[in-house]
Amino acid sequence: IHYDPSAWALEPDWTMIREAFETNVFGAWRVAVAFAPLLGAAGHGRLVNVSSEGGSLASMGAGAPAYSTSKATLNALTRILAAELHGAGVLVNSICPGWVATDMGGPGGRPVAQGAAGIVWAATLPDDGPTGGFFRDGKKLPW
């Protein structure tokens, strides 16, 4: 939530930043904590974090501080969870669906089905699939 391209890190809207982190980071973290034991006990599972290329340090610039920093943190959490769940049969990845025509994305983006396809891909990876990665359309993205 809170894609804020006209916002600046040096003029923070702390309420927006807190809300972005609550949803984009802490929400996903709480889901992982709740479900990881069940997935690990089953010996098979997938945790898919819906991220954004806006959280890529490789392409990050000015603007959108709440969104970009929260998605970068989600990507870091993805790496940590993947390492902690290594060997448990649980694969953990971050997926960027791209600019999707949703309420947040607005008109002109990719169709929802196209954006969701990468998420479905990660959720249905084979047991020997990648873990701890950042992908769009099944292709690796730079962190």
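The values are calculated or read from the model by the stated rules, or taken from the named source; none is laboratory data. This is a predicted model, so every value here is computed, not measured. Note that we place each Cβ from the backbone using ideal geometry, even for glycine, and neighbour counts take in every protein chain shown.
Just a few scattered comments:
- Test: residue in segment 115-136 that is free of Cβ contacts under 8 Å to residues at least 12 places away in the same chain, small (G, A, S) and more than 15 Å from N24 (Cβ to Cβ): no
- Residue count for segment 64-85, restricted to those that are in contact with a Ser or Thr (Cβ under 7 Å, 6 or more places away or on another chain) and among the small types (G, A, S): 1
- Every residue from segment 85-101 that is modelled with pLDDT of 95 or more, among the small types (G, A, S) and surrounded by fewer than 22 Cβ atoms within 10 Å (Cβ to Cβ): A88, G89
- Within segment 85-143, considering residues that are aliphatic (A, V, I, L, M) and in a loop (DSSP other than H, G, I, E, B), the one farthest from A58 (Cα to Cα): A88
- Check on N49, within 13 Å of the chain's Cα centre (by Cα) and either at positive phi or assigned to a strand (DSSP E or B) (or both): yes
- Filter result for M16 (among the aliphatic types (A, V, I, L, M), surrounded by 12 or more Cβ atoms within 10 Å (Cβ to Cβ) and part of a helix (DSSP H, G or I)): yes
- Qualifying residue in segment 41-49 (condition: surrounded by fewer than 20 Cβ atoms within 10 Å (Cβ to Cβ) and over 18 Å from A122 (Cβ atoms)): yes
- When S56 is tested against (1) surrounded by 19 or more Cβ atoms within 10 Å (Cβ to Cβ); (2) at pLDDT below 95, only condition (2) is not met.
- Sole exception among (1) in contact with a Pro (Cβ under 9 Å, 6 or more places away or on another chain); (2) under 15 Å from L141 (Cβ atoms) for L74, by number: (1)
- Residue match in segment 125-135 (condition: of a type in the set (S, T, N, Q) and over 14 Å from the mean Cα position of the chain (by Cα)): no
- In segment 85-98, residue farthest from the chain's Cα centre (by Cα) [restricted to those that are over 20 Å from F21 (Cα atoms) and of a type outside the set (G, A, S)]: H86
- Number of residues in segment 106-138 that are in contact with a Gly (Cβ under 9 Å, 6 or more places away or on another chain), loosely packed, with under 15 Cβ neighbours inside 10 Å and closer than 18 Å to L91 by Cα equals 2.
- Within segment 69-84, tally of residues that are charged (D, E, K, R) and either within 9 Å of the chain's Cα centre (by Cα) or crowded, with 22+ Cβ neighbours inside 10 Å (or both): 1
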